[in-house]
Amino acid sequence: MASLRYAEVAVDAAVGHSRTFSYSVPPRFTVEPGQLVWVPFGRRVIQGLVVELVDTPNVSETRAILHPVEPSPLISSDHLRLGHWISDHYRCSLFTAMSLLLPPGFGNQVRSRLTAVHEVEFDGEDLKPETLEALSALKVKKTGLDEREFSKLIGSGSAKDIARMVDRGLVRRQLTMPRPRLAPKYEAFLTPSFSKEAYLSLSHRQESLLAAIREKNALYPATLANKKYGNGVAQALFNKGLVGMEWVRLDAATVSRPTRMDVRRMHTLTEHQGQALRKIREALDDPEVRPRSFLLHGITGSGKTEVYLRAIGEVVGKGKQAIFMVPEISLTPQTLERVNAWFPGRVALLHSGLTARQQFDQWWDIREGKYDVIVGPRSSLFAPVLNLGLIVIDEEHEWTYKQIETHPLYHARVSALKLGHITGSPVLLGSATPDVETYHAATTGRHTLLELPERVSAGQDRVSRLAAVEVCDMRKELREGNRSIFSRVLTQSLKDCVGAGQQAILFLNRRGASSIVQCRDCGHVITCRSCSISLTYHSNQDSLLCHVCNRRTRVTTTCPACNGAHIRQLGAGTQRVVEEVLTLLPGTIVDRLDTDARNTEDTMDRLVRGDTQVLVGTQMVAKGLDIPNVTLVGVVLADIGLYLPDFRAGERAFGLLCQVAGRAGRGEHLGKVVVQTYNPTHYAIRAAAAQNYSDLYQYEIASRRELGSPPFNEMVHVVFQDRSNVQASRLATETTQMLTQRAESQGLTDIEIIGPAPGMPSRIRGRYRWHLSLRGPRLLTFIEGIEFPGACTVDVDPVHVL
């Protein structure tokens with residue numbers, strides 16, 4: 001008799017990171033690492049992922065796996081290793097980490113139905129009146145009730161009361177294990193288990209079906225069994241353990257990806273582009289080349305995308321696949337079109353705009369190798385690519401590569417480097433304004449640094465100049481009587497640009513028509529009821545909107561603090577800028593591009609065609625646009641974000657200004673950039689005006705070396721949230737004391753605990769925020785084993801510390 005096998009399973013439950021549970025594998029099932037299964041867990045049935053098969057379990061008694069969710073492994077061995085690392089590094093449960101790698105639609109819950117057992121008598125002394133009433137209602141339901149509906153009848157404490165009734169035999173629980181929600185294209189097949197049925201009573205139809213299944217010696221369609229032997233016969237054999245049941249996915253239709261570009265344009269590479277490509281080829285051809293990661297630092301318009309596509313072409317030519325990551329799909333429409341033009345019909349596009357059905361089918365098509373290139377935001381890193389040859393990360397400095405809302409709080413750039421290490425695939429990072437930590441890694445030999453210092457004209461095979469930048473001191477404008485949101489230089493430049501038949505982009509890091517609404521009598525600023533931030537006025541909807549929780553309220557005419565009637569809208573947003581341009585240049589065609597815009601694709605089409613003369617937008621206009629006729633870029637206010645209490649504030653402001661400045665002068669005409677600021681001497685403003693990354697980097701790296709900030713130390717950010725400000729503050733203070741004592745007891749003088757302090761903003765969605773930061777070497781080792789309060793979030797390698 002074959003020995004019993006065991007599986008280590010990561011369960012979909014709140015457990016410690018990297019923890020697994022031992023389950024026995026019934027003889028009628030075959031499971032493998034990476035396979036999703038249903039398992040009993042306490043009084044529940046939940047999903048679990050098999051991460052390892054073992055001969056000896058970790059506990060003396062085990063429960064059995066109930067049933068596979070999917071008949072074959074969903075996660076490859078390489079991706080299992082990545083999931084383990086994400087769980088360890090970002091301090092989340094193993095199943096949470098692995099869920100990134102599962103196909104869409106597998107987050108099902110077992111359906112539970114309860115029926116009353118009339119034969120059992122009980123006195124009901126320890127059951128509350130609501131439970132007794134619910135039980136009486138259940139008894140009149142012949143087919144029972146869904147457990148969730150029954151729980152609503154009981155109210156609070158229903159889980160304990162239901163468990164007590166099940167244990168006593170008062171009610172019977174029937175569990176139904178569903179197929180994946182998004183799997184209508186599945187077919188069930190029966191397989192023989194070859195168990196002995198000598199002691200089992202089988203009907204004639206059951207015996208006939210069992211014989212037919214065994215004679216076929218292959219998968220037997222359940223639909224055929226139901227048709228020939230009657231409904232329920234196959235299920236009866238399955239319940240007796242005589243047959244197994246497998247769900248086999250049928251072929252799915254592909255998702256079409258239309259493109260406006262019909263031809264693949266090949267440009268002559270510049271000398272620097274050619275040198276960069278040769279270095280990348282060496283790593284693609286020789287698996288021993290070290291390091292296997294590259295930083296392609298190229299000024300805006302230097303042809304980084306051309307190098308990406310040539311490198312991907314090399315990989316595809318070797319029969320392998322590539323992942324091309326972009327910060328946000330909506331920000332890079334022209335890049336996506338170029339990829340589709342280079343690899344027509346072989347590009348899988350992953351993004352949230354696809355329907356659930358399309359996402360599901362795309363996942364399976366990628367897994368089956370139907371695509372050579374996978375393009376998408378941070379989640380595309382976890383696509384089931386089985387023959388990976390290259391990972392490209394465009395705009396690697398973007399903070400959107402970090403997951404900040406839900407666990408796991410992973411950074412896609414860091415995770416991509418880990419996946420590259422696991423698979424041996426080179427990783428190509430690219431940016432005009434690299435993350436300071438990435439550039440430091442490149443200068444110290446952890447990445448190979450590739451420089452593209454020259455700009456290439458759009459559609460031309462020649463070098464062109466960067467746009468000329470002029471900084472306008474808005475303090476001087478104000479002293480000289482200019483009350484407009486436009487400086488005199490920007491006003492005249494707009495007139496000249498539109499008059500010459502060219503196009504302009506105006507950038508503002510704000511949505512709406514005004515940034516704050518304030519009472520002129522008492523100074524009170526109208527704020528969100530759930531968040532400690534000011535509401536923004538949106539004139540097109542005549543409403544006030546919170547840009548954190550999206551709460552929308554009516555425009556107030558009376559101050560809630562003093563009942564005054566002098567309410568004033570201050571500051572400028574994109575709507576206000578549009579109105580100012582139309583006042584300045586009547587008849588000009590002005591478009592707006594921000595997160596409030598309803599159809600970004602139509603807006604982009606009009607800009608590309610030249611119909612739009614002036615485009616006003618937020619960060620959506622700062623990157624990914626390559627319009628040769630755009631000769632003017634105006635930064636309405638460069639100071640926003642400069643003074644946030646975050647050590648990366650200056651770096652972020654510099655990157656954004658350089659990115660938006662890079663939209664001007666990409667054609668035959670020399671571009672012009674007007675930067676409006678109230679602090680023209682700030683180091684980030686001066687470096688951005690000169691478009692000199694080296695100046696910015698030297699200032700930042702010296703400052704961080706002095707303060708001990710990354711890259712010279714690791715950082716962990718801990719945020720405490722509670723509806724009570726006192727409770728949030730107390731938790732933060734107690735945790736700070738605990739961490740301080742821990743560092744002192746271990747003699748770790750290089751571990752620094754910063755805080756606690758109120759978060760910024762101090763309240764979001766009705767919950768007060770307090771936070772602290774840890775700074776020092778080997779922080780993961782230092783916090784290993786610490787049980788942080790449940791009301792806090794531990795963010796490893798944070799992108800902000802607000």
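The values are calculated or read from the model by the stated rules, or taken from the named source; none is laboratory data. Keep in mind that this is a model prediction, so the values were computed, not measured. Cβ coordinates were reconstructed from backbone atoms using ideal geometry, including for glycine residues, and neighbour counts include every protein chain displayed. In case anyone asks, the SASA skips ligands and DNA or RNA and just uses the protein heavy atoms, side chains included. Shrake-Rupley method; radii C 1.70, N 1.55, O 1.52, S 1.80 Å.
In table form, for the structure just shown:
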quantity: Odd one out for residue 437, checked against (1) out of contact with any strand residue (DSSP E or B) (no Cβ under 9 Å at 6 or more places or on another chain); (2) farther than 23 Å from residue 795 by Cβ; calculated: (2)
quantity: Answer residue from segment 605-622, given it is over 23 Å from the mean Cα position of the chain (by Cα) and more than 19 Å from residue 671 (Cβ to Cβ) and is most open to solvent (accessible area, probe 1.4 Å) among those; calculated: 609
quantity: Residue in segment 425-448 that is without any contact (Cβ under 8 Å) to a residue 24 or more places away in the chain and not in a loop (DSSP other than H, G, I, E, B) present; calculated: yes
quantity: Only listed residue being out of contact with any Phe, Trp or Tyr (no Cβ under 7 Å at 6 or more places or on another chain), modelled with pLDDT of 90 or more and either crowded, with 22+ Cβ neighbours inside 10 Å or of a type in the set (Ser, Thr, Tyr) (or both), chosen from 625, 632; calculated: 632
quantity: Those strands (runs of 3 or more DSSP E) lying entirely in segment 321-391 with at least 1 residues among the polar types (S, T, N, Q) and crowded, with 17+ Cβ neighbours inside 10 Å; calculated: 321-325
quantity: Subset of segment 55-100 [part of a loop (DSSP other than H, G, I, E, B), within 18 Å of residue 15 (Cβ to Cβ) and not β-branched (Val, Ile, Thr)]; calculated: 57, 58, 90, 91, 92, 93, 100
quantity: Among the candidates 719, 726, 673, residue that is among the aliphatic types (A, V, I, L, M), more than 29 Å from the chain's Cα centre (by Cα) and open to solvent by 10 Å² or more (accessible area, probe 1.4 Å); calculated: 726
quantity: Count of segment 18-36 residues which are surrounded by 20 or more Cβ atoms within 10 Å (Cβ to Cβ) and in contact with a Ser or Thr (Cβ under 8 Å, 6 or more places away or on another chain); calculated: 3
quantity: Residue list for segment 53-100, restricted to those being open to solvent by 20 Å² or more (accessible area, probe 1.4 Å) and among the aromatic types (Phe, Trp, Tyr); calculated: 85
quantity: Boolean, residue 39 is closer than 21 Å to residue 239 by Cβ, surrounded by fewer than 21 Cβ atoms within 10 Å (Cβ to Cβ) and aliphatic (A, V, I, L, M); calculated: no
quantity: Tally of residues being out of contact with any strand residue (DSSP E or B) (no Cβ under 6 Å at 6 or more places or on another chain) and either among the β-branched types (Val, Ile, Thr) or not in a helix (DSSP H, G or I) (or both) across segment 681-707; calculated: 5
quantity: Subset of segment 371-410 that is out of contact with any helix residue (DSSP H, G or I) (no Cβ under 9 Å at 6 or more places or on another chain) and touching a residue at least 40 places away in the same chain (Cβ under 8 Å) - its residue that is nearest to residue 310 (Cα to Cα); calculated: 387
quantity: Leading residue by the ranking (surrounded by the most Cβ atoms within 10 Å (Cβ to Cβ)) among those in segment 762-781 that are under 17 Å from residue 644 (Cβ atoms) and out of contact with any Lys or Arg (no Cβ under 7 Å at 6 or more places or on another chain); calculated: 771
quantity: Residue list for segment 788-802, filter: within 19 Å of residue 740 (Cβ to Cβ) and open to solvent by 50 Å² or more (accessible area, probe 1.4 Å); calculated: none
quantity: All positions within segment 737-757 that are open to solvent by 70 Å² or more (accessible area, probe 1.4 Å) and assigned to a strand (DSSP E or B); calculated: 752
quantity: Residues being open to solvent by less than 30 Å² (accessible area, probe 1.4 Å) and more than 41 Å from the chain's Cα centre (by Cα) - total across segment 145-169; calculated: 2
quantity: Any hit, segment 694-710, residues being in contact (Cβ under 8 Å) with a residue 40 or more places away in the chain, among the aliphatic types (A, V, I, L, M), crowded, with 16+ Cβ neighbours inside 10 Å and under 30 Å from residue 634 (Cα atoms); calculated: yes
